[in-house]
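Input: a single structure, listed below in structure tokens.
The values are calculated or read from the model by the stated rules, or taken from the named source; none is laboratory data. It should be emphasised that the depicted structure is a prediction, and the values quoted were computed from it without experimental measurement. No Cβ is skipped: glycine too gets one built from the backbone with ideal geometry, and neighbour counts run over all protein chains shown. Keep in mind that these areas ignore ligands, DNA and RNA; they rest on the heavy atoms of the full protein, side chains included. Shrake-Rupley method; radii C 1.70, N 1.55, O 1.52, S 1.80 Å.
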Amino acid sequence: MAEPEDRTAALSAKGRNPTARLDLRGLKCPLPALRTEKALAGASVAVDLVVLADDPLARLDIAHVCRKSGHALIAAEPIETGGWAFWIRTGQTDR
């Protein structure tokens, strides 16, 4: 399985926010949303989180987790091998 390109490295290198990565591929609903929520709850305010998930409901569920907990879903992009890469910025709802 080919790994998605890690475009968050450039953000971290510029000193903006440290980046954490959470690979939830292979997990079925509701686990991707629950584990994303747990990771966001334990993250500091200035962290970019990249979540990889391939459950069909992950797009809806992870967007909902971000909205209800006050985090910004920066992007949700498809991965070549299936699923999505979600870029989340903790602690802020505006881009």
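Observations on the structure shown:
- Check on Arg16, modelled with pLDDT under 85 and surrounded by fewer than 18 Cβ atoms within 10 Å (Cβ to Cβ): yes
The rows are residues; the columns are (1) free of Cβ contacts under 8 Å to residues at least 40 places away in the same chain; (2) farther than 19 Å from Leu31 by Cβ.
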residue: Leu49; (1), (2): no, no
residue: Leu60; (1), (2): yes, no
residue: Ala75; (1), (2): yes, yes
residue: Gly83; (1), (2): no, no
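- Residues that are at pLDDT below 90, assigned to a loop (DSSP other than H, G, I, E, B) and open to solvent by 50 Å² or more (accessible area, probe 1.4 Å) occur at least once in region 32-44.
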